[in-house]
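Asker: First the structure, which I've put down as structure tokens, then a few questions once you've had a look.
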Amino acid sequence: MLILNEEKYAKSLYDGENKDIKSIMSKIRYITRYLVHSEQSIDDAYQETVRWLKKYHNNFDESSYSNVISDAINAAPKYPFYIIDKIQVTQSELNIISSLDNLRAEKILFVLLCMAKQQRMSNGFTNGLVKYSITDLCKFARVSVPADDREYILYEIVKMGLLGYPKKNNTQCLIVNFINTDEVVLELDESDCQELAYVYLNWKNGGKGYAKCQRCGRWMKQSKTKTKKYCEYCAKIVQNEQKRLWAEKNRKNLTQQND
Ligand SMILES: [Zn+2]
């Protein structure tokens, strides 16, 4: 997912959510920044980071990370959280993407465009520069193809002139060449940024076949036979809650009968 409100993201990580972050270094950076920016003293921030890691990171060993945590706390004031209101996508940008006429390439290009717009605000990048990893890119775009084919899809788009390589040869970066300022058609918020591929497909299909989860707002594919209200994750939570209520009701009925 693309993060729009980094402060909210760090807070939910702190509260034990955001299971997608696996790297201990990322965890340490977010948690220390969160604690320092919520005005904890250096000592408190250190203790609290250790407590958090013991709770939420498997086999955490304090002695191996004490310097890393202290360094992260010292560096934290230099990295305020960014908050991006929304990402806007325009008509001409969407026209260019859909003109590729190849769903995989279209989804990848749409994700790269959104990433470039997000990084302009989060990293201060200019001229469509976008930093990416091919694994994340394909994950966000919901494209599953063998590793070699992924690079090939990108290369085909580069050949058409819609993507370019930066002058300084950096294999982790591309340049999105078609960012425009005409009529805004899509305004993406945080929940849209969790499922960029579906946002694009929903637009392309004229608003058919996709829906937002009524609990968390995440986009999902609509099934053809039965209208889904919740995403898989929320469906389980709602189902458990219903079971719990049902059991409670039964228990009450039983006690009343025994009275
Ligand atoms: Zn949901």
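Asker: Among the candidates K212, K204, single out the residue that is among the charged types (D, E, K, R), near the ligand (Cβ under 10 Å from one of its atoms), within 23 Å of the chain's Cα centre (by Cα) and more than 22 Å from T135 (Cα to Cα).
Answerer: Of K212, K204, the one residue that is among the charged types (D, E, K, R), near the ligand (Cβ under 10 Å from one of its atoms), within 23 Å of the chain's Cα centre (by Cα) and more than 22 Å from T135 (Cα to Cα) is K212.
Asker: List the pairs whose first member sits in region 54-71 and is surrounded by 13 or more Cβ atoms within 10 Å (Cβ to Cβ), whose second member is not in a helix (DSSP H, G or I), and whose Cβ atoms are under 8 Å apart, counting only residues at least 6 apart or on separate chains?
Answerer: Y56/G16
Asker: Moving to a separate point now. With the requirement that a residue be touching a residue at least 40 places away in the same chain (Cβ under 8 Å) and crowded, with 17+ Cβ neighbours inside 10 Å, what does region 143-171 give you?
Answerer: Answer for region 143-171, where residues must be touching a residue at least 40 places away in the same chain (Cβ under 8 Å) and crowded, with 17+ Cβ neighbours inside 10 Å: V143, I153, L154, I157, L162, L163.
Asker: While we're here: Give K252, K228 a once-over and let me know the one that is more than 16 Å from the ligand (Cβ to nearest atom) and over 30 Å from E6 (Cβ atoms).
Answerer: K252
Asker: If you don't mind, there's one more thing I want to ask. Against the definition (in the same structural domain as L94 (by TED's automatic domain parsing) and touching a helix residue (DSSP H, G or I) at 6+ places or on another chain (Cβ under 9 Å)), how does Y165 come out, yes or no?
Answerer: It is true that Y165 is in the same structural domain as L94 (by TED's automatic domain parsing) and touching a helix residue (DSSP H, G or I) at 6+ places or on another chain (Cβ under 9 Å).
Asker: Further question on the same structure: List pairs: first in region 21-40 and over 14 Å from Y82 (Cα atoms) and in the same structural domain as K54 (by TED's automatic domain parsing), second of a type in the set (D, E) and part of a helix (DSSP H, G or I), Cβ under 7 Å, 6+ apart or cross-chain?
Answerer: Once the first residue is over 14 Å from Y82 (Cα atoms) and in the same structural domain as K54 (by TED's automatic domain parsing) and sits in region 21-40, its partners that are of a type in the set (D, E) and part of a helix (DSSP H, G or I) give L35/E48; Q40/E48.
Asker: Of the residues Q239, Q257, which is within 13 Å of the ligand (Cβ to nearest atom) and either acidic (D, E) or more than 24 Å from F140 (Cα to Cα) (or both)?
Answerer: The conditions single out Q239.
Asker: Which pairs have Cβ atoms under 9 Å, sit 6 or more apart or on different chains, and link a residue in region 216-245 that is among the β-branched types (V, I, T) to one that is exposed (fewer than 15 other Cβ atoms within 10 Å of the Cβ)?
Answerer: I237/R215; V238/R215; V238/K229
Residue-by-condition table, conditions (1) in the same structural domain as E106 (by TED's automatic domain parsing); (2) modelled with pLDDT of 95 or more; (3) closer than 21 Å to L2 by Cα:
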residue: V130; (1), (2), (3): yes, yes, yes
residue: R150; (1), (2), (3): yes, no, yes
residue: E156; (1), (2), (3): yes, no, no
residue: Y200; (1), (2), (3): no, yes, yes
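Asker: Right, something else. Would you pick out the residues in region 39-96 that are more than 25 Å from the chain's Cα centre (by Cα), within 17 Å of K11 (Cα to Cα) and among the small types (G, A, S)?
Answerer: A45
Asker: Do you know which of the residues in region 215-259 that are basic (K, R) and closer than 30 Å to D189 by Cβ is surrounded by the most Cβ atoms within 10 Å (Cβ to Cβ)?
Answerer: R218
Asker: When region 153-172 is examined, which residues are found to be of a type outside the set (D, E, K, R) and closer than 18 Å to F110 by Cβ?
Answerer: I153, L154, Y155, I157, V158, M160, G161, L162, L163, G164
The values are calculated or read from the model by the stated rules, or taken from the named source; none is laboratory data. Just so we're clear, the structure is a prediction, and the values are computed from it rather than from any experiment. Heads up, the Cβs are rebuilt from the backbone with ideal geometry, glycines too, and the neighbour counts pull from every protein chain shown.
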